[in-house]
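**Student:** Sending over a structure as structure tokens; questions will come in a sec.
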Amino acid sequence: MHLSAATQFNPLPRNLLIGLIAACLPGLAAAQFTLAPLPYSADALEPHIDKLTMEIHHGRHHNAYVNNLNAQIKNNPELANLSLEAMQGQISRFNTAVRNNGGGHFNHDLFWQLMAPAGQRGAPGTALAADIDQAFGSLGEMKKRFDQAAIGRFGSGWAWLIVTPDKKLAITSTPNQDNPLMDLPEVQRGTPILGLDVWEHAYYLKYQNKRGEYATNWWNVVNWNEVTRRYTDAMK
Ligand code: MN
């Protein structure tokens with residue numbers, strides 16, 4: 001019997017096809033969190049932050065936060081409809097794994113943007129510089145107090161420069177992967193415009209136990225253009 005092309009390859013009925021596409025849409029719409037590439041090469045922050053540390057920090061540590069967060073979507077389906085930033089502001093609704101890995105993903109996404117290669121780092125903008133002088137006395141004094149927060153954080157965590165809800169600059173620190181956007185009673189809340197990762201994985205290969213030296217050298221790679229942009233946004 002001769003088979004026509006139509007019977008050899010019978011297209012799916014139109015209604016079934018539409019139904020299949022519709023059934024797939026929620027899956028497609030469900031945001032899977034992804035690891036963005038570093039915004040510069042892994043050696044771009046040398047000599048202050050070494051290439052191997054950047055590769056391991058981004059490719060393994062940050063990647064693990066992303067994978068572990070994605071693994072939580074199955075049990076917390078509402079995560080798929082939340083932006084990473086919105087998640088931070090309602091983190092108290094979720095379990096510790098979401099808090100640790102959602103925080104870890106957010107904090108590292110931010111951290112990479114807060115550093116830049118030589119020639120692209122800029123300086124604090126006029127309004128930010130004036131506000132730093134007013135809040136802390138000088139840029140040098142702000143850095144000193146920020147470094148004290150970084151060094152004084154026992155164990156793993158972050159130091160932050162934030163804009164508080166009443167539009168003031170403040171320095172704070174958080175343990176683990178918490179951050180100032182989180183709706184947690186122990187967090188001093190505000191919009192982070194600068195943050196330093198003081199987990200040992202961020203510095204141990206080059207600096208070993210010398211967290212203070214890492215914190216001091218880190219100022220050399222801060223992306224002041226990005227900090228100024230975030231300050232301007234937060235002050236609106
Ligand atoms: Mn880290």
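The values are calculated or read from the model by the stated rules, or taken from the named source; none is laboratory data. These figures come from a predicted structure and were not determined experimentally. Glycine also receives a Cβ, built like all others from the backbone with ideal geometry; neighbour counts cover every protein chain displayed.
**Student:** Scan ALA130, ALA170, ALA118 and give me the residue that is surrounded by fewer than 22 Cβ atoms within 10 Å (Cβ to Cβ) and within 19 Å of LEU38 (Cβ to Cβ).
**Tutor:** ALA118 is the lone residue from the list that is surrounded by fewer than 22 Cβ atoms within 10 Å (Cβ to Cβ) and within 19 Å of LEU38 (Cβ to Cβ).
**Student:** Give me a count of the residues in segment 123-139 that are of a type outside the set (A, V, I, L, M) and under 23 Å from the mean Cα position of the chain (by Cα).
**Tutor:** Looking only at that region, the number is 2.
**Student:** Quick one: ASP147 ticks every box in (1) within 30 Å of THR96 (Cα to Cα); (2) of a type outside the set (Lys, Arg); (3) assigned to a helix (DSSP H, G or I); (4) under 19 Å from the mean Cα position of the chain (by Cα) except a single one, so which number is it?
**Tutor:** Result: ASP147 fails condition (4) only.
**Student:** Now a separate question. State yes or no: is LEU84 out of contact with any Leu (no Cβ under 8 Å at 6 or more places or on another chain), among the hydrophobic types (A, V, I, L, M, F, W, C), assigned by TED's automatic domain parsing to the domain that holds PRO175 and surrounded by 13 or more Cβ atoms within 10 Å (Cβ to Cβ)?
**Tutor:** no
**Student:** What number of residues in segment 192-214 are within 15 Å of the ligand (Cβ to nearest atom) and farther than 21 Å from GLY103 by Cα?
**Tutor:** Count: 6.
**Student:** I'd like to verify a number: residues in segment 88-131 that are in a helix (DSSP H, G or I) and either more than 15 Å from the ligand (Cβ to nearest atom) or polar (S, T, N, Q) (or both), how many?
**Tutor:** Of the residues in segment 88-131, the ones in a helix (DSSP H, G or I) are 88-89, 91-93, 96-113, 126-131.
Imposing the further condition that a residue be either more than 15 Å from the ligand (Cβ to nearest atom) or polar (S, T, N, Q) (or both) reduces the set to 88-89, 91-93, 96-101, 107, 113, 126-131.
Number of matching residues: 19.
**Student:** Okay, next question. Out of segment 127-163, which residues are under 22 Å from LEU181 (Cβ atoms), touching a Ser or Thr at 6+ places or on another chain (Cβ under 8 Å) and not hydrophobic (A, V, I, L, M, F, W, C)?
**Tutor:** Listed by number, the residues that qualify are GLY152, ARG153, GLY157.
**Student:** For the condition of a type in the set (Ser, Thr, Tyr), on the phi < 0 side of the Ramachandran plot and part of a helix (DSSP H, G or I), what is the one hit in THR172, THR228?
**Tutor:** THR228
**Student:** Return only the number of the condition from (1) part of a helix (DSSP H, G or I); (2) within 26 Å of ALA215 (Cα to Cα); (3) within 14 Å of the ligand (Cβ to nearest atom) that LEU38 does not satisfy.
**Tutor:** (1)
**Student:** Which residue pairs have Cβ atoms under 6 Å apart, sit 6 or more places apart or on different chains, and have a first residue in segment 199-223 that is closer than 16 Å to ALA123 by Cα and a second that is at pLDDT below 95 and assigned to a helix (DSSP H, G or I)?
**Tutor:** none
**Student:** Hey, another quick one. Being in contact with an Asp or Glu (Cβ under 9 Å, 6 or more places away or on another chain) and either assigned by TED's automatic domain parsing to the domain that holds GLN90 or in contact (Cβ under 8 Å) with a residue 24 or more places away in the chain (or both) narrows it down to one of ASP147, ASP178, so name that one. Quick ask: steps written out before the conclusion?
**Tutor:** Details: ASP147 fails: in contact with an Asp or Glu (Cβ under 9 Å, 6 or more places away or on another chain).
Exactly one of ASP147, ASP178 is in contact with an Asp or Glu (Cβ under 9 Å, 6 or more places away or on another chain) and either assigned by TED's automatic domain parsing to the domain that holds GLN90 or in contact (Cβ under 8 Å) with a residue 24 or more places away in the chain (or both), namely ASP178.
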